[in-house]
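Structure first, then comments.
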Amino acid sequence: MFTTGSKMFLGATTLSVVAAVVFAASEGGPVGLIGTVGLVTAAVIFAFLAGINFFVRDGNTPSMQQGVEHTASAAQPPVGRSMWPLMAAVGVGGLVVGAVSKPVVFKVSLIVVLAAIVEWMVHSWSERASADARYNANVRSRMLNALEFPILATVGAAAVVYAFSRVLLTANKEAGVWIFIVLGALVVTGGFLFANGQLTSKRTLAGVCTVSAVALLGVGVASALQGQRDIHPHPAIGDPSQKALCLEGGEEEVDEHASQDVSLKSSVVANIYLQEDGDLIAMINGYPNVEYHQLVVQRSANLAVIFHNDTEEPQRLTGRFGSFPDVPEAVSCTTAVNPGKSAYLGFLIPKTNAASSTPLEFIVPGVDGATIEIVVP
């Protein structure tokens, strides 16, 4: 026969079905549709709970059954508390949110759900491995600790690094220096106290680490929501906006902290020297001690030259590589090269001199007569 619990849920199911029919007949439009769907959903849930209660007989056992005092559910030791059902519920909620928002939320939530299912299954199985709760906990630890600890350490370290990066990207450059100093001092102080025996208590150490981690993550989340500061992009010498600098000379922000030395490079056709008297000469590889003021190069080949500054002032080498139909003049240059230093300049000329409306040449802006003609046969 029906048990007391199943009767209650069957009554709730019947009431929900009747309410759904009445509401659908009396209300129309979107409101009627939403209300009917909600009542039908409630009816399905109540019917499911009624079936469970009927199957387990409300958890009751016949009093005449042999050994019922040992086999009944009430006679079993209570299971331990577990956070994994809550984590699984949070993961399922994240799946719903991620399905309509960002894919990364959906992926992270899926990982949370799978991890919660595995942990929940192993936890439930280990609690019934034996009658000894300590042995059951040891069994669970032996199975999962080797997997949990590396993953938790990786996730924790990634969260700390991400939170710290959000803080530094939000703060200005001057404040970032002080943040590093303060956090470094706190870490050194904590290490000193631990080594000195002041933080030997596990509870004290766990409390300090937990409070520090929560504080850092909280500040990191707040900084991420606020957004990072505006970071001024450092210009590059190859940007089209630097064309005027290449032709007119001078020093600007792009020349700050520029490399002043060149390592071994391939496809170098010549070394170009700006001598102390302002003369610009080319030394072609394979022809030592021969100075050239004209450089013959191949068409449509990736080539390069190395510029050496032998004067007493910073100078740059500029290459004018031609103006071809429907294409503006190609101009490239090195950064400002300090006295006695060198720089690398790569280039490619697609057509011959005859196709260009402007001269092909290497020049040093601001130095009269410092020119090497480029010939592309």
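The values are calculated or read from the model by the stated rules, or taken from the named source; none is laboratory data. Since this is a predicted model, take the numbers as computed values, not measurements. All Cβ positions, glycine included, derive from the backbone under ideal geometry; neighbour counts span all protein chains shown.
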Contacts under 9 angstrom Cβ, first residue in the range 1-18 being more than 24 Å from residue 38 (Cβ to Cβ), partner of a type in the set (Lys, Arg) and assigned to a helix (DSSP H, G or I), 6 or more apart: 3/57
Out of curiosity, is residue 339 closer than 17 Å to residue 313 by Cα and part of a loop (DSSP other than H, G, I, E, B)? yes
Testing residue 154 on (1) farther than 19 Å from residue 83 by Cα; (2) among the polar types (S, T, N, Q); (3) surrounded by 15 or more Cβ atoms within 10 Å (Cβ to Cβ), one condition comes back false. Which one is that? (3)
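Is there a residue in the range 115-122 that is surrounded by fewer than 14 Cβ atoms within 10 Å (Cβ to Cβ), of a type outside the set (Gly, Ala, Ser) and out of contact with any helix residue (DSSP H, G or I) (no Cβ under 6 Å at 6 or more places or on another chain)? First the steps, then the outcome.
Residues of the range 115-122 that are surrounded by fewer than 14 Cβ atoms within 10 Å (Cβ to Cβ), as a first pass: 118, 121.
Checking the rest, the ones that are also of a type outside the set (Gly, Ala, Ser) come to 118, 121.
Now drop any that are not out of contact with any helix residue (DSSP H, G or I) (no Cβ under 6 Å at 6 or more places or on another chain), which leaves 118, 121.
Within the range 115-122, one or more residues are surrounded by fewer than 14 Cβ atoms within 10 Å (Cβ to Cβ), of a type outside the set (Gly, Ala, Ser) and out of contact with any helix residue (DSSP H, G or I) (no Cβ under 6 Å at 6 or more places or on another chain).
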Checking residue 296 against (1) within 16 Å of residue 360 (Cα to Cα); (2) surrounded by 18 or more Cβ atoms within 10 Å (Cβ to Cβ), which test does it fail? (2)
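Go through the range 119-136 and give me each residue that's part of a helix (DSSP H, G or I) and in contact (Cβ under 8 Å) with a residue 24 or more places away in the chain. Don't jump to the end; show me each part of the working.
Taking the range 119-136 first, the residues part of a helix (DSSP H, G or I) are 119-127, 133-136.
Once the filter is applied, which keeps residues that are part of a helix (DSSP H, G or I) and in contact (Cβ under 8 Å) with a residue 24 or more places away in the chain, the range 119-136 yields 119, 120, 123, 124, 127, 133.
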Scan the range 358-366 and give yes if some residue there is closer than 21 Å to residue 252 by Cα, part of a strand (DSSP E or B) and charged (D, E, K, R), otherwise no. no
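Is it the case that some residue within the range 31-54 is more than 50 Å from the chain's Cα centre (by Cα), crowded, with 16+ Cβ neighbours inside 10 Å and at pLDDT below 90? Give the derivation first.
Pass one, the range 31-54, residues more than 50 Å from the chain's Cα centre (by Cα): 54.
From what's left, crowded, with 16+ Cβ neighbours inside 10 Å: 54.
Cutting the leftovers down to at pLDDT below 90 gives us 54.
Yes: the range 31-54 contains one or more residues that are more than 50 Å from the chain's Cα centre (by Cα), crowded, with 16+ Cβ neighbours inside 10 Å and at pLDDT below 90.
Only one of these is surrounded by 14 or more Cβ atoms within 10 Å (Cβ to Cβ), at pLDDT below 80 and either not hydrophobic (A, V, I, L, M, F, W, C) or not in a helix (DSSP H, G or I) (or both): 190, 197, 238. Name it. Explain how you work it out, then say what you get.
On the way: 197 fails: surrounded by 14 or more Cβ atoms within 10 Å (Cβ to Cβ); 238 fails: surrounded by 14 or more Cβ atoms within 10 Å (Cβ to Cβ).
So the residue among 190, 197, 238 that is surrounded by 14 or more Cβ atoms within 10 Å (Cβ to Cβ), at pLDDT below 80 and either not hydrophobic (A, V, I, L, M, F, W, C) or not in a helix (DSSP H, G or I) (or both) is 190.
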Can you name the number of the only condition in (1) crowded, with 20+ Cβ neighbours inside 10 Å; (2) under 19 Å from residue 303 (Cβ atoms) that residue 315 fails? (2)
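Scanning for something within 34 Å of the chain's Cα centre (by Cα), part of a helix (DSSP H, G or I), among the basic types (Lys, Arg) and modelled with pLDDT under 85, does the range 153-169 turn up at least one residue?
Residues of the range 153-169 within 34 Å of the chain's Cα centre (by Cα): 153-169.
Still in the list and also part of a helix (DSSP H, G or I): 153-169.
Of the ones still in play, those that are also among the basic types (Lys, Arg) are 166.
Next cut, modelled with pLDDT under 85 only: 166.
Yes, the range 153-169 contains a residue that is within 34 Å of the chain's Cα centre (by Cα), part of a helix (DSSP H, G or I), among the basic types (Lys, Arg) and modelled with pLDDT under 85.
For residue 347, are the conditions met, namely being over 39 Å from the mean Cα position of the chain (by Cα) and closer than 25 Å to residue 244 by Cβ?
On the way: over 39 Å from the mean Cα position of the chain (by Cα): no; closer than 25 Å to residue 244 by Cβ: yes.
Spelling it out, it is not the case that residue 347 is over 39 Å from the mean Cα position of the chain (by Cα) and closer than 25 Å to residue 244 by Cβ.
Just name the residue that is surrounded by the fewest Cβ atoms within 10 Å (Cβ to Cβ) out of those in the range 265-276 that are part of a loop (DSSP other than H, G, I, E, B) and among the polar types (S, T, N, Q). If you could, list the steps in order and put the result at the bottom.
Applying the first criterion (part of a loop (DSSP other than H, G, I, E, B)) to the range 265-276 yields 265-267, 275-276.
Now narrow it down to the ones that are among the polar types (S, T, N, Q): 266-267, 275.
Values: 266: 6, 267: 10, 275: 14.
Restricting to residues being part of a loop (DSSP other than H, G, I, E, B) and among the polar types (S, T, N, Q), the top hit is 266.
Please tell me if residue 324 is touching a residue at least 24 places away in the same chain (Cβ under 8 Å) and assigned to a strand (DSSP E or B). So that I can check it myself, show each step before the final result.
Details: touching a residue at least 24 places away in the same chain (Cβ under 8 Å): yes; assigned to a strand (DSSP E or B): no.
Against the criterion (touching a residue at least 24 places away in the same chain (Cβ under 8 Å) and assigned to a strand (DSSP E or B)), residue 324 does not qualify.
Kindly indicate whether any position in the range 248-264 is assigned to a strand (DSSP E or B), surrounded by 14 or more Cβ atoms within 10 Å (Cβ to Cβ) and in contact with a strand residue (DSSP E or B) (Cβ under 7 Å, 6 or more places away or on another chain). Lay out the reasoning, then the answer.
Taking the range 248-264 first, the residues assigned to a strand (DSSP E or B) are none.
Looking for residues that are assigned to a strand (DSSP E or B), surrounded by 14 or more Cβ atoms within 10 Å (Cβ to Cβ) and in contact with a strand residue (DSSP E or B) (Cβ under 7 Å, 6 or more places away or on another chain), one finds none in the range 248-264, hence no.
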Please specify each residue of the range 222-231 satisfying the condition of being at pLDDT 75 or above and under 16 Å from the mean Cα position of the chain (by Cα). 223
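Under 20 Å from residue 208 (Cα atoms), at pLDDT 80 or above, surrounded by 11 or more Cβ atoms within 10 Å (Cβ to Cβ) and not aromatic (Phe, Trp, Tyr): is that true of residue 179 in this structure? Explain how you work it out, then say what you get.
On the way: under 20 Å from residue 208 (Cα atoms): yes; at pLDDT 80 or above: yes; surrounded by 11 or more Cβ atoms within 10 Å (Cβ to Cβ): yes; not aromatic (Phe, Trp, Tyr): yes.
Against the criterion (under 20 Å from residue 208 (Cα atoms), at pLDDT 80 or above, surrounded by 11 or more Cβ atoms within 10 Å (Cβ to Cβ) and not aromatic (Phe, Trp, Tyr)), residue 179 qualifies.
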Checking the structure you have, find out if any residue of the range 280-291 is assigned to a strand (DSSP E or B) and within 21 Å of residue 247 (Cβ to Cβ). yes
When both residues are 6+ apart or on different chains and their Cβ atoms are under 7 Å apart, which pairs have a first residue that lies in the range 289-314 and is acidic (Asp, Glu), and a second that is not in a strand (DSSP E or B)? 310/275; 310/276; 312/339; 313/339
